[in-house]
1. What is the distance, in nm, between label points placed 7 Å from the Cα along the Cα-to-Cβ direction at A130 and at N159?
2. What percent antiparallel are the DSSP beta bridges of the chain, to the nearest 5?
3. Which of P218, L187, A172 sits farthest toward the positive end of the charge dipole of segment 121-219, with +1 on the Cβ of Lys and Arg and -1 on the Cβ of Asp and Glu?
4. Dipole size in debye (nearest 20) for the chain around its Cα centre, Lys and Arg Cβ +1, Asp and Glu Cβ -1?
5. Any chance you could run the full-extension gain for L187 through A168? It's 0.36 nm times the residue separation minus the Cα-Cα distance, nm to one decimal.
6. Pairs of Cα atoms under 8 Å, at least six residues apart: use those to get the relative contact order of the chain, whole percent.
7. Which ³J(HN,Hα) values, rounded to whole Hz and listed in residue order, are derived for segment 118-128 from phi using the Karplus coefficients 6.51, -1.76 and 1.60 in 6.51 cos²θ - 1.76 cosθ + 1.60 with θ = phi - 60°, glycine and proline given as x?
8. With +1 assigned to the C-beta of every Lys and Arg and -1 to the C-beta of every Asp and Glu, and no other charges, what is the dipole magnitude of segment 125-219 about the Cα centre in debye, to the nearest 20?
Amino acid sequence: MSDKLPSSASVAHADADAGPKLFAPAAARNVADITALLQTHAPKSGRAMEVASGTGQHVVSFAGAMPRLHWQPTDIDPARRASIDAHAAEAGLPNVARAITLDATAADWGERHAGQDLIVLINLLHLISAPAALCAINEMAVALSPGGKLVCYGPFKRNGQLTSAGDARFDAELRTADPEIGYKDSLDMRGWLGNAGLTIIAEVDMPANNLAFIAGKPA
Ligand SMILES: C[S@@+](CC[C@H](N)C(=O)[O-])C[C@H]1O[C@@H](n2cnc3c(N)ncnc32)[C@H](O)[C@@H]1O
């Protein structure tokens, strides 16, 4: 991920006396809706991996709401992994593992983490290049078990269009910081998911003009 991103791309802050715990206002806003989405589409039990977990606010909610899934949070950033572990320790949930390091864009991780019944990726694809996004999708597809589900949530272009003034502004900010990154297009997503061997189950409009792709690996 570019180190020159606009600050709006990845806002997470530490509160005084919160220790390693970080808080992202965006995660606090979208956590209930994404949890409800997963409760509709996720398998009831098995292994769930969150890629690029961020602060840990999401995985704690997911694990609390879906207690028969065993959750593996991941992130590339050690400060985020420490935050994830602190949120998980505070929540005291038995079904959240310690966060592990994972570069979603590395070309080799899918086989190492094979056997996932669910993989969740929230708000990363617009922050990386198209080849890196394609690599992440391919590796997630490899890591899924037959019958497993992939959920990719974030801001996307719809059929080539930026669909709000706020999205146009954010995408322009991202591309100014790094011309390689920015919003991915729903048309590309459909092609990338299909070429990775996944079947699109649903595209769900989410609040704040976000979109969630739900895709499945054939059983
Ligand atoms: C915008 S934040 C989203 C975090 C969280 N999913 C959320 O929505 O609150 C992007 C996250 O991706 C992580 N990240 C960036 N590049 C990554 C990569 N190549 N592989 C895995 N994680 C990455 C960052 O450390 C950060 O936690």
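1. 2.0 nm
2. DSSP beta bridges in the chain are roughly 45 percent antiparallel.
3. The one lying farthest along the dipole's positive direction is P218.
4. Dipole magnitude for the chain comes out near 500 debye.
5. My answer for the length gained is 5.1 nm.
6. 18 percent
7. With coefficients 6.51, -1.76 and 1.60, one gets 8, 10, 10, 10, 10, 6, 10, 4, 6, 9, 10 Hz.
8. Computed charge dipole of segment 125-219: roughly 240 debye.
Where a number appears in this text, it was derived from the coordinates with a stated rule and is not lab data. This structure is a prediction, so every number in the text was calculated from the model and none was measured. No Cβ is skipped: glycine too gets one built from the backbone with ideal geometry, and neighbour counts run over all protein chains shown.
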